[in-house]
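Peer 1: The structure is given below, and queries will be raised subsequently.
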Amino acid sequence: MRLLPADLPERAALAMEVHARPSEPLTAPGRASYLAVLVDADERERELTHLARLCREYGQLAPAADAVHWSGTMGALRLKWERHGEFSSYTLLTAAAGSDPFSDSAAAQLPSGWLAGVPGMTVYAGHAELLSPTEGLALGDLLQQCFGGRTVVGSALGDGAGLAYSDFLTHGDGFGRILLIDQGFTPLVAGRMLQRLFEIEAYRMMALLAFPVARRLSPRLLAIERSLAALADSIAAGNARETGHDENLLQELTRLAAEIESGLAASQYRFAACRAYADLVRTRIDELRERRLSGLQTLDEFMSRRFTPAVATCATVSRRMHDLSERVAQASHLLSTRVDIVREQQNLALLASMDRRAKLQLRLQQTVEGLSIAAIVYYMAGVVGYVAKGSRSLGLNLDVDLFVGLSVPVLALLAFQTVRRARRRASDHDTHNGHGSR
């Protein structure tokens with residue numbers, strides 16, 4: 001009998017997520033190699049094919065098509081593959097054969113050319129040696145042998161369970177170097193500490209991918225800031241009455257806005273990734289539980305002095321771009337408002353001019369109407385005169401001049417009433433059409 005409702009489809013995968021990517025145990029003396037490669041989405045399938053070829057060579061079951069991590073044994077070598085958001089990592093672990101530190105590597109035990117054929121571009125590669133405190137040379141001679149007199153960063157890890165040293169440089173073989181001294185690590189803790197150290201370097205490099213972008217953008221942002229300041233001065237100068245001045249300024253602001261938005265679209269993913277990777281670096285350093293060693297910088301101090309400023313530069317450039325975008329938008333809004341006000345004033349002036357013209361046309365029309373009434377009366381009086389003259393042939397003895405003179409007021413009144421009626425009909429027609437259009 002089922003005691004629970006149906007499972008969420010992702011329940012099993014989500015429950016196992018906290019157990020994903022376990023660290024591999026490592027016992028002193030041991031050595032490891034690590035590779036982080038930036039892989040494009042279209043190379044993911046080729047990545048699995050390349051790994052499956054190695055698995056077949058050693059009789060191992062290849063990872064599934066949707067796998068994001070895998071581990072297996074390749075002879076004396078233990079290999080762990082992990083797929084992250086943008087990059088993939090390969091961790092190789094083996095027991096040391098008593099040779100000098102870094103004289104051999106775990107990566108050298110892979111088939112020739114396999115590691116070089118991994119799809120993608122190398123972001124970070126490193127070798128690590130795990131030694132017991134009784135092995136080999138004195139510490140000073142050991143550091144000299146491993147790092148060749150370069151400045152070394154080191155600290156006690158896991159509240160003193162081990163010591164870690166690195167120069168954070170790339171050596172001639174293209175790999176960095178990490179030296180671990182076991183002072184009480186269990187194999188799992190040693191593997192976990194080593195994984196954190198490798199991940200610190202991988203995440204540091206992934207975060208710093210944004211740094212060249214920030215350096216390329218900085219000069220252009222400075223130029224845009226200067227252009228924006230000059231435009232703001234032009235807006236404040238009050239030259240809005242010049243023909244086309246504000247329109248030209250608005251076009252320039254639109255160009256700056258488009259340039260900034262283009263830069264934002266091209267860079268913000270990289271800057272956001274920089275923040276996320278930097279947070280992971282800080283988290284991994286905290287998990288080391290460092291203690292200071294006399295005369296050496298800790299990893300935390302080294303990152304604070306060298307890595308944190310670069311991340312801060314990227315964050316500053318990102319903020320500058322957002323601030324510029326807001327400032328350009330505000331300036332554009334202000335200028336658009338002023339342009340609208342000027343246009344409204346121009347429209348009001350045009351309407352006032354049209355109103356004056358309409359009044360002049362009305363006066364002219366009234367003048368024409370008066371003249372037309374006079375003309376009508378004049379011609380009608382002539383007609384009346386002809387009628388009066390013609391009446392004589394009928395035997396009527398009319399005084400033509402008197403008759404015409406008396407008819408003039410009547411004709412004038414009739415003409416005035418006719419023109420007035422015509423004007424009223426035209427006005428009623430316009431009013432009716434106006435209501436109809438609404």
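Peer 1: For THR27 paired with GLN268, estimate the spin-label separation in nm (one decimal), with each label point 7 Å from Cα along the Cα-to-Cβ line.
Peer 2: With each label placed 7 Å out from Cα toward Cβ, I get 5.4 nm.
Peer 1: Taking amide hydrogens as modeled 1.01 Å from N in the peptide plane, which residues meet the under 5 Å criterion relative to GLY162, leaving out close sequence neighbours?
Peer 2: LEU157, GLN183
Peer 1: What is the local net charge at MET193, summed over the other residues whose Cβ is closer than 14 Å to its Cβ (Lys, Arg +1; Asp, Glu -1)? Can you show the working numbers first?
Peer 2: Details: positive: ARG192, ARG196, ARG284, ARG289, ARG291; negative: GLU24, GLU129, ASP159, ASP182, GLU199, GLU201, ASP286, GLU287, GLU290.
Summing Lys and Arg as +1 and Asp and Glu as -1 gives -4.
Peer 1: While we're here: Please work out whether the chain counts as rounded, prolate or oblate from its C-alpha gyration tensor, where a ≥ b ≥ c are the square roots of the eigenvalues and a/c under 1.5 means rounded, while otherwise a/b larger than b/c means prolate and anything else oblate?
Peer 2: In terms of gyration-tensor shape, prolate.
Peer 1: So how strong a dipole does the range 17-120 carry about its Cα centre when Lys and Arg Cβ are +1 and Asp and Glu Cβ are -1, to the nearest 20 debye? All intermediate terms of the calculation are to be shown ahead of the outcome.
Peer 2: Working: 9 positive and 13 negative charges, 64 e Å.
The dipole magnitude comes to about 300 debye.
Peer 1: Relative contact order for the chain using alpha-carbon pairs under 8 Å, separation at least 6, rounded to a whole percent?
Peer 2: Result for the chain is 14 percent.
Peer 1: At a 1.4 Å probe, what is the % contribution of carbon and sulfur to the accessible area of the range 283-388?
Peer 2: Of all accessible area on the range 283-388, carbon and sulfur atoms account for 59 percent.
Peer 1: Ranking request for peptides 326-332, 357-363: highest mean number of other beta-carbon atoms within 10 Å first, then the rest in descending order.
Peer 2: 326-332, 357-363
Peer 1: Please report, in debye to the nearest 20, how large the charge dipole of the range 182-320 is about its Cα centre when each Lys and Arg carries +1 at its beta carbon and each Asp and Glu carries -1 there. Before the final figure, lay out the partial values.
Peer 2: On the way: 20 positive and 17 negative charges, 118 e Å.
Using only the charged Cβ atoms, the result is roughly 560 debye.
Peer 1: Restricting to the chain, what percent of DSSP beta bridges are antiparallel, rounded to 5?
Peer 2: 90 percent
Peer 1: Moving to a separate point now. Given the peptides 264-273, 312-321, arrange them by the average over their residues of other C-beta atoms within 10 Å, most packed first.
Peer 2: 312-321, 264-273
Peer 1: Could you rank the peptides 40-51, 195-206 by their average count of other C-beta atoms within 10 Å per residue, with the highest value first?
Peer 2: Per-residue Cβ counts within 10 Å, averaged per peptide and sorted highest first, yield 195-206, 40-51.
Peer 1: Would you mind getting the accessible area per residue of the range 122-202, heavy atoms of the protein chains only, 1.4 Å probe, in Å²?
Peer 2: Computed with neighbouring chains in place, this is 37 Å² per residue.
Peer 1: Mind listing the phi-derived Karplus ³J(HN,Hα) values for the range 231-237, rounded to whole Hz, using 6.51, -1.76 and 1.60 with θ = phi - 60°, and x for any glycine or proline?
Peer 2: Those phi angles translate into 5, 5, 5, 5, 5, 6, 5 Hz.
Peer 1: Would you mind getting me the FRET efficiency between LEU414 and ARG356? Use the beta-carbon distance for r and R0 = 35 Å, nearest 0.05.
Peer 2: Given R0 = 35 Å and the Cβ-Cβ separation, E is 0.55.
Peer 1: Per-residue ellipticity at 222 nm for the chain, helices alone: DSSP H runs ≥ 4 residues times -39500 (n - 2.57), over residue total, nearest 500 deg cm²/dmol? Don't skip to the answer; put the middle values down first.
Peer 2: Working: 9 runs with 248 residues, N = 438.
It comes out at -20500 deg cm²/dmol, rounded to the nearest 500.
Peer 1: If you don't mind, another one. By the scheme Lys and Arg +1, Asp and Glu -1, what is the net charge of all other residues having a beta-carbon under 11 Å from that of LEU93?
Peer 2: +2
Peer 1: Here is a follow-up. What list of ³J(HN,Hα) values in whole Hz, one per residue of the range 184-201 in order, does the Karplus curve 6.51 cos²θ - 1.76 cosθ + 1.60 (θ = phi - 60°) give from phi, with Gly and Pro shown as x?
Peer 2: Per residue, the Karplus-derived 3J(HN,Hα) values read x, 5, 7, x, 5, 5, 4, x, 5, 4, 5, 4, 5, 5, 5, 5, 4, 5 Hz.
Peer 1: Please give the length that would be gained between ASP323 and ARG289 if that part of the chain were fully extended, namely 0.36 nm times their separation in residues minus their C-alpha to C-alpha distance (nm, one decimal). Could you put the intermediate results ahead of the total?
Peer 2: Numbers: separation 34, 0.36 × 34 = 12.24 nm, distance 3.81 nm.
Result for the pair: 8.4 nm of gain on full extension.
Peer 1: Which percent of the accessible heavy-atom area of the range 63-204 goes to carbon and sulfur, probe 1.4 angstrom? Walk me through the numbers on the way to the answer.
Peer 2: On the way: 2870 of 5490 Å².
In the range 63-204, the share of accessible area belonging to carbon and sulfur is 52 percent.
Peer 1: Between VAL419, VAL118, VAL311, where does the largest GNM mean-square fluctuation fall for the chain, given springs only between Cα atoms within less than 10 Å?
Peer 2: VAL419
Peer 1: Tell me, what is the per residue accessible area of the range 223-336 in Å², probe radius 1.4 Å?
Peer 2: 55 Å²
The values are calculated or read from the model by the stated rules, or taken from the named source; none is laboratory data. Since the model is a prediction, treat every value here as computed from it, not as a measurement. Neighbour counts are summed over all protein chains in view; Cβ atoms, including those assigned to glycine, are modelled from backbone coordinates with ideal geometry. Quick note on the areas: whole protein, heavy atoms, side chains included, nothing else; ligands and nucleic acids left out. Shrake-Rupley method; radii C 1.70, N 1.55, O 1.52, S 1.80 Å.
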